[in-house]
Amino acid sequence: MSASTETRVPEAAKRTTAGWSQSLHDWVTTVDHKRLGILYIAAGFFFLVIGGVEAILMRAQLAVPANTLLEPQEFNRLFTMHGTTMVFLVGMPIITGFGNYLIPLMIGARDMAFPRLNAWGFWMFLLGGIVLYMSYFASMGLYGAGTAPDVGWFAYAPLAGKAFSRGNATDYWILGILISGFGSVSGAINMVTTTLTMRCPGMKMNRLPLFVWMMLVVSFLILLALPVLTGAQVMLLFDRFMGAHFFDTQAGGDAVLWQHFFWFFGHPEVYILMIPGFAYASEIIPVFSRKVIFGYSFMVAATIAIGLVAVGVWAHHMFTVGLGKGLSVWFAVMTMIVGIPTGIKLFNWIATLYGGKILLRTPMLFCIGFIGQFLVAGLSGILLSGAPLNWQLSDSYFVVAHFHYVLIGGLVFTIFGACYYWFPKMTGRMLSERLGRWHFWLFFVGFHLTFTTMHVQGVLGMPRRIYTYPAERGWEVWNAISSSGAILQALGVAVFLFALVQAFRRPQWAGPDPWNAWTLEWSTSSPPPAYNFLTIPEVRSRRPLWDLKHPDDPDWEHE
Amino acid sequence: MTQPLALPMEPATWNRGRVGMACLIFGESTFFSVFVVAYLFYIGKSASGPQPSDVLEFPVFATVCLLSSSATAGLAVKALTQSNTVRAGLALALTVGLGAGFLGATANEWFGLIYGHGLTIGTNLFGTTFYSLVGFHAAHVGLGLLMLTLVLGGVLGGKVGAGDSERVEMVTWYWHFVDAVWIVVLTTVYVVGV
Amino acid sequence: MDSEALASPAEGLSLPAPTSAPLYLAVGLALMLVSLVTSVLFVWAGGGLALWGAVGWWREMFPEEAKEFVPAQAESERAPEIVPVPGHVRNLVVGEGGHRVRLPLEYHPYSAGLKGGIAGGLAMALVAGVHGWLTQGSAWHVFNGFALIVLPFFGVAPGPELAGFHAGIALSAAVVHVVLSLLIGLVYASVLPMLPGHPRLWGGIVAPLVWTGAGFVSIELVEPGAAESIQWTVFIVLQIVFGMTAGEVISRSERVKTLQSFPLVARAGFEVDIEGDEL
């Protein structure tokens, strides 16, 4: 690890063959944004499978009333770990991974601003995930060794305090997220700095691909929200280890304070998760409509507006704690307002599709599914924003249906679309279109079976986080349908994993630009060389490759 | 001539170091604001134990140390840009010394609070919020001092010169931030809360 | 001797060198934190690793950033130069028609909507009155049905007084009728040009059927029991009368051009004579 003033020819170049230990060493010591991006995405999908298994177990337990498949405490651990895993160990790394991989390529740079910080961030994220899952083996919970946290993914006080969460299970929850949170924050610092300082000549801010704009907004939200969570978790640690009283109701502490702090982080967090989904859709939909995105400036302005307003709506997660009329009105109105810029974006995607030559390839299928599903998700969110209705539906399966519609129907669908779209760039191989369709339809049908019906269960009064329910309530049919959908979703994901494997066993080679797209990453080879661009490109419009392919009608004459 | 990582759009007034440090400072500000909010929220709510007005004294010495250390840090950067490494080293040494003085004053205050008044983090809400807020601030002062000491070592050893003044300025930005947080902490704990 | 000086950009580039220092630092910090739930020994082990990582990272950055030389891709592996695609770009021209470019180039003014609403409302009231006189001997019954929309807010249940003239009910019905006629007229004026094909069909038949259906479905929620008091066939006929009348009036009104079809000069606000319809 000694630094020297002369450059070093990489070890691999000196050997004729690179053994597996050399490959492993290369991956473990890499500071290349592309490799780190792939590592983030791969780790995210690994945790997706684990989180999915946790979900399947829960749906199996809930498929029939009065089921005895799982103990109540096991069920509590499952929903805690499922939520925590999906938000922090699947959503965050996958969006960081795509951001890391694509931002430098899209702005014509050779790497991120701080490559070593980038690597540190990835390892912190991964170690945080490992620490969280160590709890299954190492923590001494109330029920003996080997218990994962069971306090829900938002760990409300005073349940999460020392008195009611004995043993170390909750501490593993805190530490796991604390450690991986540093990864997110360092990723955000990197993305902001790279975007603001390393754009290629000609790439003014209003020529940035929408993907990059949206990741910029996401990064600001991360810098705003993650440290708040870190602070709150440190306070909880102090409570649990040093006898502090931040959330200790018996000493005059306020349990609702935890909720305010958590949701001040938690609401921007769900936008941090969702806006990258918007970013993928904003890149894929124009290419597969063969049209430029409708209303670029409004898309940017709407994203910034969403980012700003999202900071002021957190207590819509807390309507039932007794906020009082003034606060309830404020948060209800602000939540409704945040639907406006979101709606603008939805209209712009639809307007992009309108009049376009629609190519229904796999990435586009997922994005079209996203549009409809996100609309429903947003509408159920607006329903929940009315405080009186929220009192009825809070902590019911309606809320569960709403946020799964956003996170799966919105985010996961666009992530799958992004995978099919950028996999050829990352690996040089296409993913099978046929398997992609199987994946889409299995997952789509399964998703709707599970989560569309879940709205009904919620309205019928089924609370969330219950490990079983009696037969007379009328919920059995809906639960059975929801559970069957889970199986189809699992099959869909299995098809996807199989497609990944097949792409390496029976490669269908992709060129640099298999989709006839227009942003800079498609001008490099697939996969790109370590340095991305041998000569830094110069751009004159938002679609530099369009200008090169169609010099008779370049974009800069229209922008 | 090393190949730059990427040719920037314009000559960088806002270069990597500045933007990166600004982002870090932004993130740290939101971290601190959580503790400030908790402190403000719990003012007057401690049912028992020592109260702020009983045990707190306005920390004049500590404040003077820290605020003047910001001035000396600025002087150090200016001297470095003028290649006056002697003056830069002196200013940096003063900065470090004043910063250490601040930490010493804080330690002294805490000694008195813990052993004199029996106030610990678990005593009451005041203790909880006081030690966490002031403690985290002191930890950040320590971190800043560590970075400044490394820079000082570099200047004294002749390894840090005018060409590094941009990077040294980033370290002083962090130091100024720590100072600004102290002003907030001062107002919250010793003015509003008393 | 700096070997980089010999390498030209075409042969390769310097990139930040790979390093395991961040990994050591990360593992060290994580171990230190995990000591809280395991053993205090981890503080020392973690601290040592973290220090090793921090020092290593420092040395990667100072005094000079550590770089590695990456040789350029072989010519065969590089992405080919992007060449212009054969064939021209065909721009869609405003006004050329077809499904791909349907822009609202002309629209009906709001006044046409108001006039259509009034005309439709009058026609509707006339037909309703005649029907009521012919079938029930009273011109008011159907008309009073409008009051059903607002009566629940005043706590008045529908009853026998709907059959005849009753000042309060007639007034509420009149207000409701006028407001709705005007509003729906305005909606028609805005929306009809956007619909493909036959505006009279859309406005005269389809729209009344749609809102009658919606009303039928929702009225039980708003005012249980009111559904029985409404004669639905008469209702639909009256809506169709309104729709066709209003649609007819609006369709015949003068259309106004939208700004999109104006040349740039006019859109930019200059006072210019716009002549002709050339696009």
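At a glance:
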read-out	value
Check on A:Leu545, within 9 Å of another protein chain (Cβ to nearest Cβ) and either among the acidic types (Asp, Glu) or in contact (Cβ under 8 Å) with a residue 24 or more places away in the chain (or both)	yes
The range C:45-56 residues that are in contact (Cβ under 8 Å) with a residue 60 or more places away in the chain and more than 10 Å from chain A (Cβ to nearest Cβ), paired with ones that are of a type in the set (Asp, Glu) and assigned to a helix (DSSP H, G or I) (beta carbon under 7 Å, 6 or more apart)	none
In the range A:471-503, the residues that are over 26 Å from A:Gly461 (Cβ atoms), among the aromatic types (Phe, Trp, Tyr) and in contact with a helix residue (DSSP H, G or I) (Cβ under 6 Å, 6 or more places away or on another chain)	A:Phe496
Top-ranked residue in the range C:16-41 [being more than 7 Å from chain A (Cβ to nearest Cβ) and at pLDDT 95 or above; ranked as surrounded by the fewest Cβ atoms within 10 Å (Cβ to Cβ)]	C:Met32
Residues that are facing chain A (nearest Cβ under 10 Å), under 22 Å from the mean Cα position of the chain (by Cα) and crowded, with 23+ Cβ neighbours inside 10 Å, drawn from the range B:112-132	B:Gly127, B:Thr128, B:Thr129
Matching residues, the range A:522-536, being more than 10 Å from C:Gln73 (Cβ to Cβ) and among the polar types (S, T, N, Q)	A:Ser523, A:Ser526, A:Asn532, A:Thr535
Lone qualifier among A:Gly417, A:Gly409, A:Gly372 - being without any contact (Cβ under 8 Å) to a residue 12 or more places away in the chain, within 27 Å of A:Arg59 (Cβ to Cβ) and not hydrophobic (A, V, I, L, M, F, W, C)	A:Gly372
A:Thr170 being at pLDDT below 95, within 12 Å of another protein chain (Cβ to nearest Cβ) and within 24 Å of C:Met32 (Cα to Cα)	yes
Residue count, the range A:407-465 (criterion: more than 22 Å from A:Trp478 (Cα to Cα) and not basic (Lys, Arg))	27
Evaluation of A:Ala157 against (1) under 17 Å from B:Val34 (Cβ atoms); (2) at the interface with chain B (Cβ under 10 Å from one of its Cβ atoms) (one fails), failing number	(2)
Of all residues making up the range A:80-110, the number that are at negative phi and within 14 Å of chain B (Cβ to nearest Cβ)	7
Any hit, the range C:79-90, residues being modelled with pLDDT under 75 and within 7 Å of another protein chain (Cβ to nearest Cβ)	yes
Complete set of residues in the range A:513-544 that are acidic (Asp, Glu) and assigned to a helix (DSSP H, G or I)	A:Glu521
The range B:53-74, residues that are outside any loop (DSSP other than H, G, I, E, B), surrounded by 18 or more Cβ atoms within 10 Å (Cβ to Cβ) and at pLDDT below 95	B:Val55
Top-ranked residue of the range B:25-50 - restricted to ones that are surrounded by 16 or more Cβ atoms within 10 Å (Cβ to Cβ), out of contact with any helix residue (DSSP H, G or I) (no Cβ under 6 Å at 6 or more places or on another chain) and not in a helix (DSSP H, G or I), ranked as farthest from the other protein chains (Cβ to nearest Cβ)	B:Pro50
Those residues of the range A:241-257 which are touching a Pro at 6+ places or on another chain (Cβ under 8 Å) and assigned to a loop (DSSP other than H, G, I, E, B), in sequence order	A:Phe247, A:Asp248
Residue under evaluation A:Ala499, criteria (1) surrounded by 15 or more Cβ atoms within 10 Å (Cβ to Cβ); (2) in a loop (DSSP other than H, G, I, E, B); (3) small (Gly, Ala, Ser), criterion not met	(2)
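The values are calculated or read from the model by the stated rules, or taken from the named source; none is laboratory data. Owing to the predicted nature of the structure, the values given are computational and were not obtained by experimental measurement. Methodologically, a virtual Cβ is constructed for each residue, glycine included, from the backbone with ideal geometry; neighbour enumeration extends over all protein chains shown.
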